[in-house]
Each structure stands twice: as structure tokens, then as C-alpha cells.
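One structure is given here, and the rest of the page talks about it.
The values are calculated or read from the model by the stated rules, or taken from the named source; none is laboratory data. Keep in mind it's a predicted model, so treat the numbers as computed, not measured. Quick reminder, even Gly has a Cβ in these numbers, built from the backbone with ideal geometry, and neighbours come from all protein chains shown.
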Amino acid sequence: MDELTSFLGDHLALTGAAVALALALVVVEAKRAFRPWREVGPFELTALVNAGAVLLDLRGDKPFREGHIAGARRSESAEVAAALKATAKDAAIVLYCESGSVSDKAAETLAVAGYDKVATLRGGLATWRTENLPLARA
């Protein structure tokens, strides 16, 4: 134990960096745990869509035409709330983009707008491709 205390005392910069990284990790995971939407994997997404969920692809027009999940509608992420104006607030909605970061921001927008059954595809379309699942072409 004395060796650990001595090491930590001799390497204050490393100790501080390790503590800061640990705190940052705790904050990020806490935010993830308490956000008002959830992440789903490819197979749960399929089940949700089969049960009638609205599926929105938030990628650009060209990537959408080159391959998207069957049944998806394309929408700009900045206009996702407007695209769902006619959709009931309690309808199941699943969003995806290429990697998941854009869909997380859009999910937050929908949660603020009052939609309470919002999900995102964990890892985006990249995860879908990794699982060798089919893509529709437009």
C-alpha cells in the first residue's frame, strides 16, 4: 500500500488525469442511463417496425438511395419534429443515422417535443451492416 501511495504522490499529473477520466466516464454513463429515449439493436428494431413503429433514416438523400432499412422514411435531422407532426406523441419511433450520433441529437429533440416512445439504432446503420442485414435501394 505504501508503494501505491508513493507512486500516486510522485505522479500527481497522472493521478489527476486518471481521476478526471473516471469522473467523465461516470457523467457520460449517468446521462445515458437517464435520457428519455433508448437504444435498440438491429433485431429489436425489426420487431418494433413489424409492430408498426415509424422508422426514420436521418442520413442524406444520396446515402439513403444507396441503401436504407426497408420501410424507412428519410428526414433531415434538423426537421425531424416537423416530419412527425402528423404522428401521435405516443407512437413508437425509431431513428437511425450512419453511426448513431446524429440520431441521438434528433431523439433528444423529439423527447423535448413530447414524443415518449423514441428509440435509436445502437451504432447506426454501421451496426446493421455489421450484422449483414439487408438494405433496400431507392
Practice prompt. Would you mind finding the one in ARG74, ARG65, ARG38, ARG32 that is touching a helix residue (DSSP H, G or I) at 6+ places or on another chain (Cβ under 6 Å) and either at negative phi or not assigned by TED's automatic domain parsing to the domain that holds GLY124 (or both)?
Written response: ARG74
Worksheet item: Pick from region 112-124 the residues that are of a type in the set (A, V, I, L, M) and touching a strand residue (DSSP E or B) at 6+ places or on another chain (Cβ under 6 Å): which of them is farthest from GLU79 (Cα to Cα)?
Response: LEU121
Discussion item. Here is a check on your reading of the model: is ALA53 without any contact (Cβ under 8 Å) to a residue 40 or more places away in the chain, assigned by TED's automatic domain parsing to the domain that holds ALA91 and under 18 Å from LYS117 (Cβ atoms)?
Written reply: no
Worksheet item: Taking helices (runs of 4 or more DSSP H) that do not extend beyond region 1-101, which have at least 3 residues that are among the hydrophobic types (A, V, I, L, M, F, W, C) and under 16 Å from THR120 (Cα atoms)?
Response: 42-50
Item to complete: Go through region 3-58 residue by residue and tally those that are surrounded by fewer than 12 Cβ atoms within 10 Å (Cβ to Cβ), within 22 Å of SER99 (Cβ to Cβ) and among the β-branched types (Val, Ile, Thr).
Response: 2
Item to complete: Go through region 102-138 residue by residue and tally those that are on the phi < 0 side of the Ramachandran plot and in a helix (DSSP H, G or I).
Response: 17
Discussion item. Residues to consider are ASP116, ASP104, ASP90; find the one that is under 24 Å from PHE43 (Cβ atoms) and crowded, with 16+ Cβ neighbours inside 10 Å.
Written reply: ASP104
